[in-house]
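See structure below.
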Amino acid sequence: MKYIFVTGGVVSSLGKGLTAAALGALLEQRGLRVRLQKFDPYLNVDPGTMSPFQHGEVYVLNDGAETDLDLGHYERFTTGELSRLNNLTSGQVYEKVILKERRGDYLGATVQVIPHVTNEIKDRIYKGTSDDVNVLITELGGTIGDIEGLPFLEAMRQFALEVDREDVLFLHCTLLPYLKAAGELKTKPSQQSVAKLREIGIQPDILVCRTEEPMTDEMREKLSLFCNVPVRAVIEEMDVQTSIYELPLALKAEKVDDLVVEHLKLKAPDSDMQIWHDVVRRLKAPSHEVEIGVVGKYIELQDAYKSVYESIIHAGIANDSAVHIVRLDAEDIEKDPAKYLANLDGILIPGGFGDRGTEGKIAAAKFAREQGIPYFGLCLGMQIAVIEFARHVAGLKDANSTEFNAATEYPVIDIMEDQKDLATKGGNMRLGACPCTLSDDSFSIHAYGQANIEERHRHRYEFNNAFRDQLKKSGLRIAGTNPDRDLVEIIEIAEHPWFVGVQFHPEFKSKPNAAHPLFANFIATALKYK
Ligand code: GLN
């Protein structure tokens with residue numbers, strides 16, 4: 001087993017997570033089995049409770065863990081399945097240590113950051129992997145110099161001592177700012193950030209430099225000298241032109257995989273990058289184009305619907321089509337849906353919580369249904385479609401979800417009886433992978449090409465089965481159900497080019513070279529009816 005630790009310096013938002021993921025992709029192409037994990041120094045026990053405003057999307061794993069969105073990059077770039085053991089926060093570490101202390105496990109010892117906290121962190125490095133894995137890549141969130149990151153760095157330093165130094169590689173991502181006035185890239189912040197790392201006892205083996213301008217040989221030599229890294233291990237990472245999916249090829253061009261394989265003394269055949277060349281070729285020269293509206297609440301934020309946007313791009317790749325994503329604020333749409341929606345080839349409503357923008361989303365679903373525009377509703381987007389259908393087709397006036405109106409006469413979306421007890425305790429989300437059986441002749445079974453599927457969930461409310469027959473009679477198709485609890489997982493409208501709402505989050509299972517079948521089918525239909 002070999003270990004790569006990825007740290008970042010100078011500024012946040014360096015794309016460290018993407019670099020780690022792309023490195024994973026590159027190593028997989030050399031036949032290695034890779035696993036990725038993220039350490040987050042904040043005190044939240046998990047990112048599930050953090051606002052998308054601050055932290056972007058919550059990425060959900062098969063086992064139901066609510067994790068940092070970087071795990072989404074990891075799963076999109078590599079094939080290894082991740083679990084809750086692959087995302088560790090300081091909050092989890094301290095929770096565990098304090099619990100042990102309360103139980104008396106430390107037998108009266110003084111409980112300290114070193115060794116008790118660092119031991120917990122090291123333990124997770126061992127646990128984040130399994131026997132079939134060759135390389136574990138662990139990314140540390142935050143920036144070198146942050147006080148809260150120190151225990152993690154200390155644990156990594158100790159870890160390298162504990163296993164063989166040969167089995168560990170430290171990769172440091174840094175920024176070379178370009179100073180217009182001086183007309184050059186600056187290396188000083190990188191020097192200082194590496195100096196800080198070395199103060200802790202970590203000498204990076206590879207330095208990945210984010211830069212807008214190409215680096216000169218002189219600059220590489222300078223960074224090599226001051227940062228104590230061989231010249232060939234000073235890596236240029238230019239801003240990618242078209243897409244993040246160029247990154248594995250960019251790292252390959254800088255021979256990062258050779259450095260890793262040599263340093264870690266791995267036996268690995270040379271890489272075949274065909275998959276990534278194909279992805280990038282299709283992204284750069286698509287034959288078609290299509291315009292998809294995403295109607296949401298956090299539309300101005302880059303990262304709140306990260307996996308949704310990526311899945312739409314993957315579906316574009318699968319259909320050899322460019323996809324222009326039009327981000328629409330649900331609150332704007334309410335007054336005049338046609339103004340915003342009439343020219344779109346498809347409308348997607350992603351997941352969400354809270355009632356802001358709900359009526360705008362209902363107006364968007366209505367417009368899509370009436371105008372025959374392909375519609376794809378994810379989680380809340382499915383619930384919205386049910387409410388809209390109940391109100392305007394089934395005649396259930398003011399039908400709603402009890403999330404938005406607890407007193408509604410027609411609670412078509414509600415918390416199920418067997419969950420109500422939990423609901424009052426606040427711990428009642430349906431999380432993680434659940435099975436779903438698809439009905440014959442549905443859009444969904446056509447897309448998946450099979451009747452039994454498994455998808456990830458993250459929601460409290462469900463389609464209310466008390467209204468199932470009535471809505472079915474009015475023309476709503478129940479296209480997928482949970483075989484264990486008879487919950488409605490997919491609704492469709494048959495008399496429509498493509499109208500699909502899913503209670504789950506398919507966006508967590510799409511990859512650039514393997515688009516999710518529903519997303520692929522949605523975009524294919526949007527192209528067809530354009
Ligand atoms: N707020 C809705 C629920 O809790 C939908 C959640 C979501 O879209 N992830 O059921």
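Quick notes on this structure:
- Lone qualifier among Glu254, Glu213, Glu236, Glu246 - being open to solvent by less than 40 Å² (accessible area, probe 1.4 Å), touching an Asp or Glu at 6+ places or on another chain (Cβ under 9 Å) and not small (Gly, Ala, Ser): Glu236
- Qualifying residue in region 37-52 (condition: over 20 Å from Lys127 (Cβ atoms), assigned to a helix (DSSP H, G or I) and either at pLDDT 95 or above or of a type in the set (Lys, Arg) (or both)): no
- Among residues of region 341-365 that are at negative phi, those with a beta-carbon under 6 Å from a residue that is among the acidic types (Asp, Glu) and part of a helix (DSSP H, G or I) at least six positions away or on a different chain give the pairs Gly360/Glu331; Ile362/Glu388; Ala365/Glu388.
- Pairs where the first residue, in region 375-395, is of a type in the set (Val, Ile, Thr) and the second is assigned to a helix (DSSP H, G or I) and more than 9 Å from the ligand (Cβ to nearest atom), C-beta under 7 Å, 6+ apart: Ile384/Lys361; Ile384/Ile362; Ile384/Ala365; Ile387/Ile362
- Unmet requirement for Val97, which otherwise passes all of (1) open to solvent by less than 40 Å² (accessible area, probe 1.4 Å); (2) outside any loop (DSSP other than H, G, I, E, B); (3) within 30 Å of Cys434 (Cβ to Cβ); (4) not hydroxyl-bearing (Ser, Thr, Tyr): (3)
- Answer residue from region 371-410, given it is surrounded by fewer than 21 Cβ atoms within 10 Å (Cβ to Cβ) and either in a strand (DSSP E or B) or of a type in the set (Lys, Arg) (or both) and is farthest from the ligand (Cβ to nearest atom) among those: Lys397
- The set of residues from region 66-91 being open to solvent by 10 Å² or more (accessible area, probe 1.4 Å), in a loop (DSSP other than H, G, I, E, B) and within 19 Å of Tyr126 (Cβ to Cβ) comprises Gly80, Glu81, Ser83.
- Within the set Glu403, Glu417, Glu409, the sole residue that is among the acidic types (Asp, Glu), farther than 19 Å from Gly480 by Cβ and at pLDDT 95 or above turns out to be Glu409.
- From the options Val308, Val295, residue that is touching a Leu at 6+ places or on another chain (Cβ under 6 Å) and open to solvent by less than 10 Å² (accessible area, probe 1.4 Å): Val295
- From Ala368, Ala364, residue being within 16 Å of the ligand (Cβ to nearest atom), in a helix (DSSP H, G or I) and open to solvent by less than 20 Å² (accessible area, probe 1.4 Å): Ala364
- Any hit, region 341-349, residues being more than 20 Å from Thr525 (Cβ to Cβ) and either within 16 Å of the ligand (Cβ to nearest atom) or open to solvent by 10 Å² or more (accessible area, probe 1.4 Å) (or both): no
- Just one of (1) touching a Leu at 6+ places or on another chain (Cβ under 9 Å); (2) in contact (Cβ under 8 Å) with a residue 60 or more places away in the chain; (3) away from the ligand (no atom under 15 Å from the Cβ); (4) open to solvent by less than 30 Å² (accessible area, probe 1.4 Å) fails for Phe499. It is (1).
- Residues that are among the hydrophobic types (A, V, I, L, M, F, W, C), within 19 Å of Ile362 (Cβ to Cβ) and away from the ligand (no atom under 16 Å from the Cβ) within region 471-496 comprise Leu471, Leu476, Ile493, listed in sequence order.
- Restricting region 453-470 to residues that are more than 16 Å from the ligand (Cβ to nearest atom) and under 21 Å from Gly351 (Cβ atoms), the residue that is nearest to the chain's Cα centre (by Cα) is Glu454.
- For the residues Ala322, Ala304, the requirement of being part of a loop (DSSP other than H, G, I, E, B), touching a Gly at 6+ places or on another chain (Cβ under 9 Å) and farther than 29 Å from Asp398 by Cα singles out Ala304.
- Members of region 39-65 found to be charged (D, E, K, R) and either open to solvent by less than 10 Å² (accessible area, probe 1.4 Å) or more than 15 Å from Asn87 (Cα to Cα) (or both), listed by number: Asp40
The values are calculated or read from the model by the stated rules, or taken from the named source; none is laboratory data. This is a predicted model, so every value here is computed, not measured. All Cβ positions, even for glycine, are placed from backbone atoms using ideal geometry, and neighbour counts span all protein chains on display. Keep in mind that these areas ignore ligands, DNA and RNA; they rest on the heavy atoms of the full protein, side chains included. Shrake-Rupley method; radii C 1.70, N 1.55, O 1.52, S 1.80 Å.
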